[in-house]
Amino acid sequence: MPEQIEFSVPPDQVGDRIDKAVSKACSELSRSAVQRLIAEGGVTIAGCPVPKSYRVDLGDVIRVELPEPVPLDLEPENIPLDIRYEDECLLVVNKPRGMVVHPAPGHYSGTLVNALMYHCGSSLSGINGVMRPGIVHRIDKDTSGLLMVAKNDLAHLSLAKQIQDHTFKREYFAVAHGRFCETEGTVDAPIGRHPQQRKKMAVTSQNSKHAVTHFTVLEQFERFAFLRLRLETGRTHQIRVHMAYLGHPLAGDEVYGPRNGVKGLHGQCLHAGLLGFDHPVTGTYMEIRSELPDYFVDFLKKLGGSGEEWRKEKA
């Protein structure tokens, strides 16, 4: 049977177009995929299909009927990759903003996995199944930066254990709303599924997992702050959820941030700038770094930040 997702419209989404409301609740669906579902009658309120022009009201219970998944044979695609390190058992990719990591509803091509299959052939670990070959950890579509890929199962198991043991180092850079009273701090708050919106995460005590994020304020602007963040755990949307929980959602975050967003940003201003790990074979500690991308530097400059200074020397 087709999968069904049902959610109630929260107060902060009243007046939104139906496609925007569904996209927020079903974050793995692209806006175009949502619009196709609406056109096909797959989005209903009180059992009735709604037009794409419908604006949601408080208390509307929206049901989204996802189509049956089609049998998927992943196709290798010749998509250029920015590879920052590679050997016989792993590689580290610098993912551009806007690229989906693995196939999902609405994204069956053009993903990082499609590109990896072309580049690596059959040399990818199979622990995460056919949809996510080689993927040790993931970052969101609109998050740029470094991602670890395992070429065999032994490497995958070693790297996954380092993540589990909190010895796998992950540093991010972000721009967040607001002024911080402190120059550094730690958020220790459990994260689980949002009680009303299935595709959204939240700080909650119900069915949640321990989550810890450390942050340092690098530059403070009038209405934003430039941050370095280190993950102690790796929960879904962890940095985005924790910063929103503090009252400092990430600039451009369309799910956890202000309703009207930030002009010029299309998705959260978040970059995975460093991975540190013990090599699965040699045991040697390695650190791979990625400079801040253009969109990030340009936004810092608009805020009055140093921009280029952080591109290479501190990222």
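Residues that are on the phi > 0 side of the Ramachandran plot and free of Cβ contacts under 8 Å to residues at least 60 places away in the same chain are absent from the stretch 213-226. In the stretch 195-231, of all residues being part of a loop (DSSP other than H, G, I, E, B) and crowded, with 17+ Cβ neighbours inside 10 Å, the one that is modelled with the lowest pLDDT corresponds to Lys199.
As a summary of the residue check, Ile139 satisfies the conditions (1) modelled with pLDDT of 80 or more; (2) farther than 22 Å from Pro293 by Cβ; (3) under 18 Å from the mean Cα position of the chain (by Cα) except for the one numbered (2).
Within the stretch 24-41, the set of residues being in a helix (DSSP H, G or I) and in contact (Cβ under 8 Å) with a residue 12 or more places away in the chain comprises Lys24, Ala25, Arg31, Ser32, Ala33, Val34, Gln35, Leu37, Ile38, Ala39. The residue that is surrounded by the fewest Cβ atoms within 10 Å (Cβ to Cβ), among those in the stretch 184-194 that are modelled with pLDDT of 95 or more and in a loop (DSSP other than H, G, I, E, B), is Pro190.
Taking Ala150 as the residue in question, decide whether it is crowded, with 19+ Cβ neighbours inside 10 Å, under 24 Å from Asp294 (Cα atoms) and in contact with a helix residue (DSSP H, G or I) (Cβ under 9 Å, 6 or more places away or on another chain). No; evaluated as a whole, the condition is false for this residue. No other residue among Lys263, Lys302 is free of Cβ contacts under 8 Å to residues at least 40 places away in the same chain, open to solvent by 30 Å² or more (accessible area, probe 1.4 Å) and within 23 Å of Cys181 (Cα to Cα) apart from Lys302. Checking each residue in the stretch 82-96 for being of a type in the set (D, E, K, R) and surrounded by 15 or more Cβ atoms within 10 Å (Cβ to Cβ) picks out Arg84, Glu86, Lys95.
In the stretch 232-253, is there at least one residue being assigned to a strand (DSSP E or B), among the aliphatic types (A, V, I, L, M) and open to solvent by 30 Å² or more (accessible area, probe 1.4 Å)? The answer is no; no qualifying residue exists.
Each residue in the stretch 155-170 was checked for being hydrophobic (A, V, I, L, M, F, W, C), in a helix (DSSP H, G or I) and more than 14 Å from Leu91 (Cα to Cα), and 3 of them qualify.
The values are calculated or read from the model by the stated rules, or taken from the named source; none is laboratory data. Treat the numbers as computed from the prediction; the structure is a model and nothing was measured. Using ideal geometry, Cβ is built from the backbone for each residue, glycine included, and neighbour counts are taken over all protein chains shown. Ligands, DNA and RNA are excluded from the accessible area calculation, which covers all protein heavy atoms including side chains. Shrake-Rupley method; radii C 1.70, N 1.55, O 1.52, S 1.80 Å.
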